[in-house]
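Working notes, structure below.
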Amino acid sequence: MKKTFKIFILVVLINLTKLPNAFSNEEKINIGLLVPMSGNNKNIGELIIKSTRMALEDINKNNIEIYPKDTSNNPEKTLKAAKELKDLGVKIIIGPVFFKNLIYLNEVENVIFLSLTNKTLDLPENIISTGVNSISQLRAIKKFLIENDLKNTIFLSPKLDYELEVKEAIKNSKIKYKDYYSYDTEPTKLTKQIEKITNYKIRQQNLEDEISRIEKSDLVNKEQRIEKLKKKYTIGKVNFDSVIISDFGESLKSVITSLLYTDVSPKDKYIITFNQWFDESLIKENNIQPIYYPSINNENLINFKEKFQKKYNLTPNHLTLLSYDLVGLIYYLSIKNDISELDKLFKKKNTFKGKIGIFEIKNNKINHKLNFYKIDNKEIKKIF
């Protein structure tokens with residue numbers, strides 16, 4: 001009997017040692033991951049899964065486990081996957097990636113979702129937007145305007161679905177500006193609108209009137225003055241010293257080109273845009289430079305890309321860097337708080353320094369403290 005009892009105790013001890021952290025004081029951290037693992041965007045999901053695995057290796061703790069689930073870029077499938085994660089005991093989830101997949105997640109109670117979207121309006125209460133949002137960008141732009149004593153700034157924003165987000169961010173950031181204009185992205189309409197904003201026709205007429213006046217004058221050097229004036233496009237100043245354009249890619253280039261057409265040069269007026277993620281095509285466009293914009297830490301991004309490429313032989317995107325940081329953020333918060341107390345986890349004021357930059361956490365919101373960059377002479381230069 002005693003022998004049988006000893007064998008039983010031995011078997012129990014062996015089984016306990018096989019369980020992770022069986023005698024550890026560290027609480028088990030189960031993190032869900034909602035990403036597209038099938039469909040058109042499955043490559044994005046694959047990169048994010050790899051980045052979270054890399055984060056786990058770098059943290060090097062046995063008490064963290066990640067459970068990936070497929071959203072397939074489908075709101076109904078996202079809800080089903082989220083409920084499955086909850087049934088596994090998961091209380092905090094990284095994802096989904098896309099805003100449209102959030103619509104049913106308010107049905108999943110007592111779970112927090114760290115969505116990779118940068119949209120902050122109309123989110124369910126259990127969703128925290130972790131992307132580089134408009135408020136974060138405008139705070140950095142505001143700092144740049146103050147440091148350069150720019151007091152006559154105008155906003156140019158396309159008539160797209162995120163315009164309301166931009167307007168709300170302008171209000172929340174309390175940034176000072178002179179005028180706000182919405183524009184059509186269709187090139188012909190855009191050019192006419194920029195002409196109106198810059199008083200191009202009036203300034204053009206001013207030039208013609210001045211040439212006519214000198215031609216009729218008795219000035220000794222009038223031929224030289226006329227020749228000089230004919231090299232110009234307009235006469236007269238615009239009533240702003242800087243332009244903030246909440247646009248991207250080819251559409252952004254069209255806006256700046258339209259400004260150039262109306263004789264407003266980036267070399268004379270500050271052209272400031274939203275985060276461009278170090279778009280290579282903008283670097284090549286020397287004629288529309290200099291351009292200023294806020295963004296994540298470029299040096300950290302370059303280092304992360306090199307590490308990721310070396311490990312997986314794949315090129316990461318900014319979402320992979322963000323998801324990498326979110327694993328670290330959850331671990332950091334779990335050290336300072338009880339991971340089970342989700343109602344307190346993201347309400348306290350905290351800061352976390354990740355690869356993407358500094359996360360500022362308060363009242364279930366995450367903003368980013370961004371750097372500021374200038375593209376000039378086909379080079380990226382850090383300003384702050």
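The values are calculated or read from the model by the stated rules, or taken from the named source; none is laboratory data. The structure displayed is predicted, hence computed values, not measured ones. Virtual Cβ from ideal backbone geometry, glycine too; neighbours counted across all protein chains shown.
Only one of these is on the phi > 0 side of the Ramachandran plot and at pLDDT 95 or above: Asp263, Asp268. Name it.
Working: Asp268 fails: on the phi > 0 side of the Ramachandran plot.
Result: Asp263 is the single residue among Asp263, Asp268 that is on the phi > 0 side of the Ramachandran plot and at pLDDT 95 or above.
If you go through segment 309-329, how many residues are out of contact with any Phe, Trp or Tyr (no Cβ under 6 Å at 6 or more places or on another chain) and surrounded by 21 or more Cβ atoms within 10 Å (Cβ to Cβ)?
Taking segment 309-329 and keeping what is out of contact with any Phe, Trp or Tyr (no Cβ under 6 Å at 6 or more places or on another chain), we get 309-315, 317, 319-320, 322-328.
Still in the running and surrounded by 21 or more Cβ atoms within 10 Å (Cβ to Cβ): 320, 322-327.
Residues in segment 309-329 being out of contact with any Phe, Trp or Tyr (no Cβ under 6 Å at 6 or more places or on another chain) and surrounded by 21 or more Cβ atoms within 10 Å (Cβ to Cβ): 7 in total.
Run down Ile202, Ile146, Ile128, Ile175 and say which single residue is at pLDDT 95 or above, outside the structural domain of Phe98 (by TED's automatic domain parsing), among the β-branched types (Val, Ile, Thr) and buried (at least 17 other Cβ atoms within 10 Å of the Cβ). Write out each step before concluding.
On the way: Ile202 fails: buried (at least 17 other Cβ atoms within 10 Å of the Cβ); Ile146 fails: buried (at least 17 other Cβ atoms within 10 Å of the Cβ); Ile128 fails: outside the structural domain of Phe98 (by TED's automatic domain parsing).
Just a single option satisfies the conditions, and that option is Ile175.
Every residue in segment 141-196 that is within 22 Å of Glu250 (Cα to Cα), of a type in the set (S, T, N, Q), part of a helix (DSSP H, G or I) and touching a residue at least 12 places away in the same chain (Cβ under 8 Å), please.
Thr191, Gln193
Given the options Ser217, Ser254, Ser212, name the one that is closer than 30 Å to Ser281 by Cβ and either surrounded by 12 or more Cβ atoms within 10 Å (Cβ to Cβ) or in the same structural domain as Phe144 (by TED's automatic domain parsing) (or both).
On the way: Ser217 fails: closer than 30 Å to Ser281 by Cβ; Ser212 fails: closer than 30 Å to Ser281 by Cβ.
Criteria check complete, one pass: Ser254.
Among the numbered criteria (1) assigned by TED's automatic domain parsing to the domain that holds Lys80; (2) assigned to a helix (DSSP H, G or I); (3) surrounded by 21 or more Cβ atoms within 10 Å (Cβ to Cβ), which single criterion is violated by Val97?
(2)
Identify the residue in segment 127-140 that is aliphatic (A, V, I, L, M) and in a helix (DSSP H, G or I) and, among all such residues, is farthest from Ile271 (Cα to Cα). Spell out how you get there, then give the answer.
Let us first name the residues in segment 127-140 that are aliphatic (A, V, I, L, M), namely 127-128, 132, 135, 138, 140.
Among the residues that remain, those that are also in a helix (DSSP H, G or I) are: 135, 138, 140.
On the way: Ile135: 19, Leu138: 14, Ala140: 15 Å.
Per the criteria, the residue is Ile135.
Go through segment 60-82 residue by residue and tally those that are touching a helix residue (DSSP H, G or I) at 6+ places or on another chain (Cβ under 8 Å), free of Cβ contacts under 8 Å to residues at least 60 places away in the same chain and of a type outside the set (Ser, Thr, Tyr).
Number of matching residues: 8.
Are there any helices (runs of 4 or more DSSP H) wholly within segment 281-384 with 2 or more residues that are touching a Lys or Arg at 6+ places or on another chain (Cβ under 8 Å), and if so which?
On the way: elements: 298-312, 318-336, 342-345.
Hits in segment 281-384: 298-312, 318-336.
Condition first: in contact with a Lys or Arg (Cβ under 8 Å, 6 or more places away or on another chain), in a loop (DSSP other than H, G, I, E, B) and of a type outside the set (Gly, Ala, Ser). Can you find one or more residues in segment 208-225 that meet it?
So in segment 208-225, the residues in contact with a Lys or Arg (Cβ under 8 Å, 6 or more places away or on another chain) come out as 211, 214-215, 219.
Okay, now just the ones that are also in a loop (DSSP other than H, G, I, E, B), so 219.
Still in the running and of a type outside the set (Gly, Ala, Ser): 219.
Checked segment 208-225: at least one residue is in contact with a Lys or Arg (Cβ under 8 Å, 6 or more places away or on another chain), in a loop (DSSP other than H, G, I, E, B) and of a type outside the set (Gly, Ala, Ser).
Out of Ser182, Ser217, report the one residue that is under 24 Å from Leu138 (Cα atoms) and not β-branched (Val, Ile, Thr). Break it down stepwise before answering.
Values: Ser217 fails: under 24 Å from Leu138 (Cα atoms).
Exactly one residue qualifies, and that residue is Ser182.
For the list (1) part of a helix (DSSP H, G or I); (2) more than 21 Å from Ala55 (Cα to Cα), I need the number of the one condition that Gln276 fails.
Condition not satisfied by Gln276: (1).
Looking only at segment 238-268, filter to residues that are assigned to a helix (DSSP H, G or I) and touching a residue at least 60 places away in the same chain (Cβ under 8 Å); which one of those is farthest from Tyr183 (Cα to Cα)?
If we filter segment 238-268 for residues that are assigned to a helix (DSSP H, G or I), which is where we start, we get 249-261.
Now drop any that are not touching a residue at least 60 places away in the same chain (Cβ under 8 Å), which leaves 251, 254-255, 258-259, 261.
Numbers: Ser251: 11, Ser254: 12, Val255: 9, Ser258: 12, Leu259: 13, Tyr261: 16 Å.
Ranking the candidates gives Tyr261 first.
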